[in-house]
Amino acid sequence: MFEASNKREASITLCLFPHLGEFIAIDTRKDLTDGPTVHVMSFEDVFTEEFRLSVEAGFSSILRKEGIGLIEMIGLPQEVEALVRAESMKRIVKSLNHGAGVSSARVDGGIGVLFFARGLLSIDQDQLEAAMQELFGHLLSDTQLTRLENELRRLISEEQAQEDSVRQREMTQLITGEPGSFVTLWQNSGNS
């Protein structure tokens, strides 16, 4: 079910949910004194003012590069995306290191991401357990694996509720004509 395109295992795996302020970090780095752990993390705890200032400084540096022309300006969104991604990973690793008492910011096995959206949200309990066993069964203790499965079920349920709420709002906006995520291609002003 979950096949990696790259067979190398990640040392840290993030389980992300598009509409939630929490995510799961599964830290299986070899140098952890207490062994592999499962963390439920809050975006507001990880992405603090320090994170925002760092991203702003990086963006300012990108924007102020000498000799920047139109082609480079067109590429700014990709550069900003790479900057935000890199800073995000640094903050997550820093937060995990702080909790584990690890001083090195190096992550030998890389960082993997499981993005829980759309079809993955409809995974049933047996499939979820089998997938987590396949991915992490050899890395996590039974207690940690059970915790991971319980937290995933909770967050999947919350994400499903959020998606339902978003769909309901979009449908209401569509019916009432209030501005939303749709675009009016043509509107008759009455002055034909």
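Nothing in this text is a laboratory measurement; each read-out follows from the coordinates by a stated rule. Keep in mind that this is a model prediction, so the values were computed, not measured. Note: ideal-geometry Cβ built from the backbone for every residue, glycine included; neighbour counts use all protein chains shown.
Tabulated results
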{"item": "For segment 12-158, fraction of C-alpha pairs farther apart than 20 Å, in %", "result": "56"}
{"item": "Listed residues Ala25, Ala86, Ala131, most fluctuating in the chain (Gaussian network, C-alpha, under 10 Å)", "result": "Ala86"}
{"item": "Extreme residue, positive dipole direction of the chain, given options Leu14, Leu63, Thr146 (C-beta unit charges)", "result": "Leu63"}
{"item": "Lys90/Ile175 FRET efficiency (R0 35 Å; Cβ-Cβ; nearest 0.05)", "result": "0.20"}
{"item": "Segment 1-93: trypsin sites (Lys or Arg not before Pro) falling in loop per DSSP and having at most 11 other Cβ within 10 Å", "result": "Lys7, Arg8, Lys30, Arg64, Lys65"}
{"item": "Antiparallel DSSP beta bridges within segment 12-158, as percent of all bridges there, nearest 5", "result": "65"}
{"item": "Only Lys, Arg (+1) and Asp, Glu (-1) charged, at Cβ; the chain dipole about Cα centre in debye", "result": "480"}
{"item": "Whole-number percent relative contact order across the chain, with pairs defined as alpha carbons under 8 Å at least 6 apart", "result": "29"}
{"item": "Signed unit charges on C-beta, dipole axis of the chain, positive-most listed residue Leu76, Gln168, Ala86", "result": "Leu76"}
